Structure formats: structure tokens, C-alpha cells
Amino acid sequence: MKHTISELEDIASQVRRDCLRMVHAVQSGHPGASLGCADFFTALYFEVLNHNPKFSMAGVGEDLFFLSNGHISPVWYSVLARSGYFEVSELATFRKLDSRLQGHPTTHEGLPGVRIASGSLGQGLSVAIGAALGKKIDGDKGLVYALTGDGELQEGQNWEALMFAPFHKVDNLIASVDYNGQQIDGPTEKVLSLESLKEKFEAFGWHVITSDGNDMAEITKALHYAKSLTGKGKPILNLMSTQMGYGVDFMVGTHKWHGSAPSDAQLEVALGQLKETAGDY
């Protein structure tokens, strides 16, 4: 391992602090799922992904990552900065005029690490499949990773992608679903039920694994295991259970923090629950 589980947990704690401070500073953004996915992003970028902070758009010989649910940009920006793609101090520009760190990731600002704009939900998996096919055609051994939200799977384009990938044996693709059961309008069960996702993906021909996305040891192990399953004729899905707002007791498990910023007092309480481990920006 590149890092111990304890070291990864420390990084994730700092990432959560970054997310809260970014959203609070401009009173705009999506802290809930950013907090819930901090362990996944930390495990991916600091342990599993074969990537190079000296960014090239093509990423030849590297693994690629595509964020489909782009509204959780704070957690991605934090991890990109903390892993060397740009200066950590730039996190202070989040959602400000002329910033490269827009509320939803875009490409025209030229932010290292970002290969697609993902403000519109439902498109990331299709792009990831295209990139994975491109690598197979080019004989590139790099893998392609993607993350989608569970509520996002209510978008029809995903199901075309889910049919396409197994049919074309896109077996260099590892997709993860942030399975937190919440979306902006409430619990997914009440908005539009997704059950049973595991059986649905398997019926489409995916190799499905399940994981606890808020247990650093388990999510790290799951991502390594998913990597071992590539090249065997099927795309891999990591069905990852998380809790929206994980790490802050008053934010956990509710859609109310999907797109709401904490007040000054709430930020102070939240930061008091998260250890500063690498220095705030």
C-alpha cells in the first residue's frame, strides 16, 4: 500500500474540512454527498488510481477518472489539490468569479484533472465507456473509473450505457454508484425507487461488488478487488453504500444538506468534529 488506512483516514478528514470551508465561504455548493464520498475519493486518488498530477488530457498509459454527478465538485477539487494537480490555496477561489473551480466541473478553464464538464446529470458513464473503448482500441492498459450518483440513475441515458458496456465487453471500466438513498427532493425511495440496483446491473451483464463507502479499509479493499476483476469480459460496478453528510453528526443521512451551505456557527461545530491533518488552505 502507498498509505496506511490511518493515513488515508487522516487525508479524508482534511478533505472533508476543505469541502465544508469551500461551500461555507460562498454560501453555495453541495456539501452532503461531498462529505459522503470523501473516503472513496481519498482511497481512489491516494491508493488505487494510476495517475499523474502532471496532467495531460489524453492520459496515455494512465488510469482515467470521470465524475458524472458533478455537483459534488468540492470533494474532487480538494483531492485533486491535495494530490498535487494544483496549489491547495486555489481552493479558496471555489465558485468565485473567474475561478477555475466552478460549482460544476468544466473544461474551458483548463483545470488539471478535469476531462469533461459534468453539470448535467446522466452523461458521465457514457463518456467513461467511450474512453475505455478508446484505450482498448489503442492497446492502452490503463483503466477507466467513473462515479455516478444513485438519484442520477433515474436519467435514461444511463440505462443505454448499462446495456452497451457489457455487450461490447468493456472490461477495463470500473464504475461506482454513490448509493446514499438521497437526492435533492428527498429519499430516492420516495422520488423514484431504484431497487434493486444490484440485480438490475447483474441482469444487464455487469460484475457487481458491494462496499461500504464510509469505511476506509473496506472501500480501499473493494477498489483493489475491482481492479483485479478487469480484463475478464465484463465491466465492473462498485455499488457503494454511503451516508450523505458523513463525518458531521447534524448532516448525516438527510437530503437537507444536498445543496445547502452551513452557517458560521454550523461550520464551527462541523470543523470541531473533523481533525485538521494537513493544514487548512
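The values are calculated or read from the model by the stated rules, or taken from the named source; none is laboratory data. From a predicted model like this one, the values you see are computed outputs, not experimental measurements. When we count neighbours, we look across all protein chains shown, and the Cβ atoms used for this are built from the backbone with ideal geometry, even at glycine. All accessible areas refer to the heavy atoms of the entire protein, side chains included, with ligands and DNA or RNA removed. Shrake-Rupley method; radii C 1.70, N 1.55, O 1.52, S 1.80 Å.
General observations
- Residue match in the range 242-263 (condition: aromatic (Phe, Trp, Tyr) and either within 30 Å of ASP140 (Cβ to Cβ) or open to solvent by 50 Å² or more (accessible area, probe 1.4 Å) (or both)): yes
- Scoring GLU87 on the criteria (1) more than 28 Å from ASN214 (Cβ to Cβ); (2) buried (at least 18 other Cβ atoms within 10 Å of the Cβ); (3) charged (D, E, K, R) leaves a single failure, condition (2).
- Qualifying helices (runs of 4 or more DSSP H) (wholly inside the range 142-239; at least 2 residues being closer than 26 Å to ASN50 by Cα): 157-167, 216-228
- Residue match in the range 80-95 (condition: on the phi > 0 side of the Ramachandran plot, part of a loop (DSSP other than H, G, I, E, B) and modelled with pLDDT of 95 or more): yes
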